[in-house]
Amino acid sequence: MLPRLILSKFITVLLWLALSGAQAAEPTIRTIIDKFSDATTFSEIETIIDELGATGDPAAAPALNGLSRGYLRIRKSDNWVVLVEGSGGDISLRDPVSGDTIDPGGRTSTDYRKIRIKNSLRRRIDAALSGLTLKAKSADVRIKAAETIFSTADASSLAALDAALETETDETVRTAFLDARASAIMATGSSTDEKLAAIKRIVARGDRVSLALLSKFRTVSKGAVAEALDAGIKQVKGSLALWSSAQNIWYGISLGSVLLLAAIGLAITFGVMGVINMAHGEMVMLGAYTTFAVQEAIRTAAPELFTYSLVIALPLAFLVSGSIGFIMERGLIRHLYGRPLETLLATWGVSLVLQQTVRTIFGPTNREVGNPSWMSGAFEVGQLSITWNRLWIVVFALTLFAVLYLVMNRSSLGLNMRAVTQNRRMAAAMGIRTPMIDAMTFSLGSGIAGIAGVALSQIDNVSPSLGQSYIIDSFLVVVFGGVGNLWGTLVGAMSLGVLNKFLEPYAGAVLGKIIILVLIILFIQKRPRGLFALKGRAVDA
């Protein structure tokens, strides 16, 4: 009986000690929070924020978040610090440590005064919150916390970073912690050797945030540290200039793929038939609206298929635009061969009819076409930022080019099209039905424009005037690359895309396009048939 009684007493004492220890942790945070009631200057508030961050206790997060958002207030009657949400008489109170709801007891928001803060204090709060999340379960959360500390160069987080590094096993997270630690060291009174090592690490990171930090520390540094900072700033600027050029090249390739999609169908119709089709942009527009209609049907009938909506829309867009192109050629254009001015005016009239038809059916406002999950988001390669939708469009444009190239060079239709292009009379004499080849060619070019509209719907507004944004650029690409030559269209689209992106930072978007137009005019004066001229008796004639 006695041993059992002693054991019972012993367990009771242990429980009391555990409970008292748990209760002691809360008053520590609570005691620091209560200091806000006596703080009268921004520097005093900053000191309290640093104290909360230095505890490393997640229980301090609600108070810091509330302070940043203006919810942490002081009751005027007794200087009690509490979280107040709402206004007037419709308020709710929460404890800044536990988060428990408290009955306001008939009081209004005017009974509580706000704790004034400024932007520098908000940055301090973000850094303190980052220190509290350095040991979060999610690796992404820990990395984000380290990034915040790195960008703010928060010296108060140094101890929390050292503690987190002792237990961190994820190498990616450790790298982020070490970068943040280097930034924090530069903001402290550390030795010269430590600061030189920190500068080396910040320079190795080499992004724009690193450059901003190095420039910031340079203004307050002297001696060997200042020399190292100067060398580091020069190195990072050089690295960023190279990455900037790489980013412009990527943007140019991305724009070039868009121009290729818009122009590749026109290269076929213009090259084989010599028809100036001013309604080509509307074929692109019809493909985009087909994508919108497919997505609307999927959202209503089978939402689980939305991921495959673009795959479903591709053949339908080809059929819709191709059918309209076939009807145009059979009903209108075949009567106007050899009369380019009338053809231009007729197809321009068709473009206006198609635009108005779409406005009547779908309305004049922009329509939303969603991005499937596999086309959303972005990733980074060094300092190069690449969005998934642009990357997939580049891949799609090159794939479409390859398929069309095989069709033109490995199929009977392509053989007949090339024969008609090079010598129409000889092709007719050999038994090729040139009128049907014309119709199939125009239909193929229009269908490809519809497929282009599916891709362009992911990066541009879907509206009745969508095609007008690409028709002029499409003609520029076709004429510059060489009428009817697919390789010329590819090289022309990519060349104009890259050149345009390198001109934009210096000349602006509008002036850049004007400069490109002038350069193409000068180029055509020297090479009227473009980069890659077609060969053939009729063509040479």
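The values are calculated or read from the model by the stated rules, or taken from the named source; none is laboratory data. Treat the numbers as computed from the prediction; the structure is a model and nothing was measured. Positions of Cβ are generated from backbone atoms using ideal geometry, with glycine treated the same way; all protein chains shown enter the neighbour counts. Accessible surface areas use protein heavy atoms only, side chains included; no ligands, DNA or RNA. Shrake-Rupley method; radii C 1.70, N 1.55, O 1.52, S 1.80 Å.
Give the residue that is surrounded by the most Cβ atoms within 10 Å (Cβ to Cβ), with candidates limited to residues of the range 399-408 that are in contact with a Gly (Cβ under 9 Å, 6 or more places away or on another chain) and without any contact (Cβ under 8 Å) to a residue 40 or more places away in the chain.
Here the answer is Val407.
Quick one: in the range 414-449, which of the residues that are free of Cβ contacts under 8 Å to residues at least 24 places away in the same chain and closer than 20 Å to Met328 by Cβ is least open to solvent (accessible area, probe 1.4 Å)?
Thr434
Considering only the range 208-243, state which residues are exposed (fewer than 15 other Cβ atoms within 10 Å of the Cβ), within 22 Å of the chain's Cα centre (by Cα) and small (Gly, Ala, Ser).
Ala241
Given the residues Leu332, Leu345, which is the only one that is surrounded by fewer than 17 Cβ atoms within 10 Å (Cβ to Cβ) and farther than 21 Å from Ser443 by Cβ?
Answer to the selection: Leu345.
Residue by residue through the range 66-85, note down the ones that are open to solvent by 70 Å² or more (accessible area, probe 1.4 Å) and part of a helix (DSSP H, G or I).
Arg69
Going through the range 420-446 one residue at a time, which ones are more than 39 Å from the chain's Cα centre (by Cα) and either of a type in the set (Val, Ile, Thr) or outside any helix (DSSP H, G or I) (or both)?
Once the filter is applied, which keeps residues that are more than 39 Å from the chain's Cα centre (by Cα) and either of a type in the set (Val, Ile, Thr) or outside any helix (DSSP H, G or I) (or both), the range 420-446 yields Val420, Thr421, Asn423, Met430, Gly431, Ile432, Arg433, Thr434, Ile437.
For residues that are surrounded by fewer than 18 Cβ atoms within 10 Å (Cβ to Cβ) and more than 28 Å from the chain's Cα centre (by Cα), scanning just the range 122-173, find the one that is modelled with the lowest pLDDT.
Lys135
Hey, any hits in the range 383-390 for a residue that's more than 22 Å from Ile253 (Cβ to Cβ), open to solvent by 60 Å² or more (accessible area, probe 1.4 Å) and modelled with pLDDT under 90?
no
Right, Ser411: of a type outside the set (Val, Ile, Thr), open to solvent by less than 50 Å² (accessible area, probe 1.4 Å) and under 26 Å from the mean Cα position of the chain (by Cα) or not? Before the answer, list the steps.
Values: of a type outside the set (Val, Ile, Thr): yes; open to solvent by less than 50 Å² (accessible area, probe 1.4 Å): yes; under 26 Å from the mean Cα position of the chain (by Cα): no.
The answer is no for Ser411.
Are any residues in the range 447-494 hydroxyl-bearing (Ser, Thr, Tyr), over 17 Å from Phe270 (Cα atoms) and in a helix (DSSP H, G or I), and if so, which ones?
Once the filter is applied, which keeps residues that are hydroxyl-bearing (Ser, Thr, Tyr), over 17 Å from Phe270 (Cα atoms) and in a helix (DSSP H, G or I), the range 447-494 yields only Ser469.
Any idea how many residues of the range 264-289 are open to solvent by 20 Å² or more (accessible area, probe 1.4 Å) and either among the β-branched types (Val, Ile, Thr) or more than 17 Å from Gly322 (Cβ to Cβ) (or both)?
Residues flagged as open to solvent by 20 Å² or more (accessible area, probe 1.4 Å) and either among the β-branched types (Val, Ile, Thr) or more than 17 Å from Gly322 (Cβ to Cβ) (or both) within the range 264-289 amount to 3.
Say we look at the range 40-65 and pick out the residues that are open to solvent by 20 Å² or more (accessible area, probe 1.4 Å) and of a type in the set (A, V, I, L, M); which of these is modelled with the lowest pLDDT?
Restricting to residues being open to solvent by 20 Å² or more (accessible area, probe 1.4 Å) and of a type in the set (A, V, I, L, M), the top hit is Ala54.
Which residues, counting only those in the range 493-526, are touching a residue at least 60 places away in the same chain (Cβ under 8 Å) and open to solvent by less than 80 Å² (accessible area, probe 1.4 Å)?
Scanning the range 493-526 gives Ala493, Met494, Ser495, Leu496, Gly497, Val498, Leu499, Asn500, Lys501, Phe502.
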